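The values are calculated or read from the model by the stated rules, or taken from the named source; none is laboratory data. This is a predicted model, so every value here is computed, not measured. Ideal geometry is used to build each Cβ from the backbone, glycine not excepted, and the neighbour counts take in all protein chains shown.
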Amino acid sequence: MKQIIECVPNFSEGRDKSKIDQVVKTIESSGVQILDVEMNPDHNRAVLTFIGEPEAVLEAAFSATRKAAELIDLTKHKGEHPRIGATDVIPLVPISNISNEECVELARKLGKRIADELGIPVYLYELAATRPDRENLANIRKGEFEGLSKEIETNPDRHPDFGSPKIHPTAGATVVGVRFPLIAYNINLNTGDVNIAKNIAKAIRFKDGGFRYAKALGFELKEEGIAQVSINMTNYLGTPLYRVFEMVKLEAQRYGVSIKESEIVGLVPEKALIDTAVYYLQLNRFNENQILEYHLRGTVKKEENLYEFLNQLADATPTPGGGSVAALQGALGAGLLSMVTGLTVKKTDDQELKNFHGLLRVGVSDFYKLIEEDKNAFDGVMKAYRMPKTTEEEKNLRSRAIQDALKKATNVPLGVCEKIIELYNYARILLQKGLKTAISDVGVAIYTLHSGFLSARANVLINLPSITDTEFVDKIKMRIEDLKKEESKTYQELDEEFEKLQ
């Protein structure tokens, strides 16, 4: 079967359509399929989306970067969106029959070619990052084109991954990486006060204490006379669209404004919209196999039942293993809490419980996905260890692939730990408000979640000794230790409260 990659390059031109048309023509000549072209004059930015087989995608991305360097002069560029290059960022997204690790190697190949042949310095980000501080694109873009121009030669921390530490005079620098499908999601406010948008952006973005998979900035859309909260949703499964929308709406009310509309730039995974519909329509018993088009396309999903999972677990194979079991425990705990919430709402019509009942149902789904994610992550580690190691180059590629796979295998159970702690807040409320006849189910949920946390933590720690990136290891150790302290304290409080109700 064919390997398919999606590429979503961002260009620093959103006002001159003739220039982007030339870039599009260059991409089309490389034998890939263009899916979408978006231009925004306020951001002065264009986002293109195309798919194809690996080599064709790399050729298209390189040719587009070369053409953009001919047409776009950053010394004359002004726009709301941060940028460091004419071709600002080139993310590669694995779509079909290709792994993250393989895409990382392709990203490195593309980055080296851009630097060598075009004289444009290249940085690697997200899954392709060579340093933890470069996983976040915002860190690389700090100071934008003007700031990077001053620092790239004098500050070793800002030297590129490929090319000389010298900015291209007009095309700047380019960032290449591998990432999960990203949703560019904008929420427009019915105010022209950009400070309100900036304050809301700060409240929802992860680096300032907001949602784990949300990056956000506040912009002014001068042509429309409104302010915009511009959001990059880096993992729509970990942070759903509807959750961010609701938080923006709540924060906007603080300032006496409301949401005018929201928009999606470029393409969006179908699942993100389905999850949003399930939440707002409260389709608690909805199954995706009810979607008519799935039957017409022959894409109805055959769900694995619990007995099949247990049989696989009992087999003498590495996966599914302890990490998947930890995620299953999270799903079981979330399911029990959802059940008690639903039963209580039927009897009491409590608004607070109504508000989070849907979130608990979504939580069950989130943990279910993590069962498979953990299995896939460990399979990725095994695949990396099986890579050839005859030549020095093969050894280096294998070593990098192993390290990348081990990091992913660490992050999945870490996510389980974080999600379990979030559920404790709902358990606390249910101990106070839940039906007394179902209070034992809340207790079972608490005990199950506690076991799931300890199990997931064990799967985080088991990977760390094999990871050579000491900065990553130290960061994870600190995070998991903080989570352990928080979980232990909260669990003890819940256990004591539950015992009093027995």
* Asked: Taking Asp116 and the conditions (1) touching a Phe, Trp or Tyr at 6+ places or on another chain (Cβ under 8 Å); (2) without any contact (Cβ under 8 Å) to a residue 40 or more places away in the chain, which numbered condition does it fall short on, given that it satisfies the others?
  -> (2)
* In this structure, is Ala138 touching a residue at least 24 places away in the same chain (Cβ under 8 Å), outside any loop (DSSP other than H, G, I, E, B) and in the same structural domain as Ala68 (by TED's automatic domain parsing)? -> yes
* Structure fact -> The number of residues in the stretch 169-197 that are part of a helix (DSSP H, G or I) and surrounded by 17 or more Cβ atoms within 10 Å (Cβ to Cβ) is 3
* Structure fact -> Log entry, pairs with first residue in the stretch 392-413 being surrounded by 18 or more Cβ atoms within 10 Å (Cβ to Cβ), second being assigned to a helix (DSSP H, G or I) and among the charged types (D, E, K, R), beta carbons closer than 6 Å, six or more apart or on different chains, reads Ala401/Glu101; Asp404/Glu101; Val412/Glu373; Val412/Asp374
* For Ile98, indicate whether it is in contact (Cβ under 8 Å) with a residue 24 or more places away in the chain, in a strand (DSSP E or B) and under 21 Å from the mean Cα position of the chain (by Cα). => no
* **Members of the stretch 217-269 that are over 30 Å from Phe367 (Cα atoms), charged (D, E, K, R) and in contact with a strand residue (DSSP E or B) (Cβ under 7 Å, 6 or more places away or on another chain)** => Glu220, Lys260, Glu261
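Can you say whether Asp21 is part of a strand (DSSP E or B), surrounded by fewer than 17 Cβ atoms within 10 Å (Cβ to Cβ) and acidic (Asp, Glu), as far as the supplied structure shows?
For Asp21, the condition - part of a strand (DSSP E or B), surrounded by fewer than 17 Cβ atoms within 10 Å (Cβ to Cβ) and acidic (Asp, Glu) - is not met.
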* Asked: Quick one: in the stretch 24-59, which of the residues that are touching a Pro at 6+ places or on another chain (Cβ under 9 Å) and over 16 Å from Ala86 (Cβ atoms) is surrounded by the fewest Cβ atoms within 10 Å (Cβ to Cβ)?
  -> Thr49
* To do: Go over the candidates Glu102, Glu70 one by one and state the one that is within 30 Å of Ala384 (Cβ to Cβ) and either at pLDDT 95 or above or in the same structural domain as Lys166 (by TED's automatic domain parsing) (or both).
  => Glu102
* The one condition in (1) over 19 Å from Phe145 (Cβ atoms); (2) surrounded by fewer than 19 Cβ atoms within 10 Å (Cβ to Cβ); (3) β-branched (Val, Ile, Thr) that Thr75 fails to fulfil -> (1)
* Structure fact -> Checked Leu313, Leu328, Leu296, Leu370 against criteria (over 30 Å from Ser466 (Cα atoms) and assigned to a helix (DSSP H, G or I)); the one match is Leu296
* Return yes when Asp366 is modelled with pLDDT under 90 and buried (at least 17 other Cβ atoms within 10 Å of the Cβ) and no when it is not. => yes
* To do: Write out, first by first residue and then by second, each pair whose Cβ atoms fall under 6 Å of each other, whose residues are 6+ apart or on separate chains, and whose first residue, in the stretch 461-479, is in contact (Cβ under 8 Å) with a residue 24 or more places away in the chain and surrounded by 15 or more Cβ atoms within 10 Å (Cβ to Cβ) while the second is of a type in the set (Gly, Ala, Ser) and in a helix (DSSP H, G or I).
  => Asn463/Ala409
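For the stretch 316-325, name all the residues that are in a helix (DSSP H, G or I) and surrounded by 18 or more Cβ atoms within 10 Å (Cβ to Cβ).
Those that are in a helix (DSSP H, G or I) and surrounded by 18 or more Cβ atoms within 10 Å (Cβ to Cβ): Gly323, Ser324, Val325.
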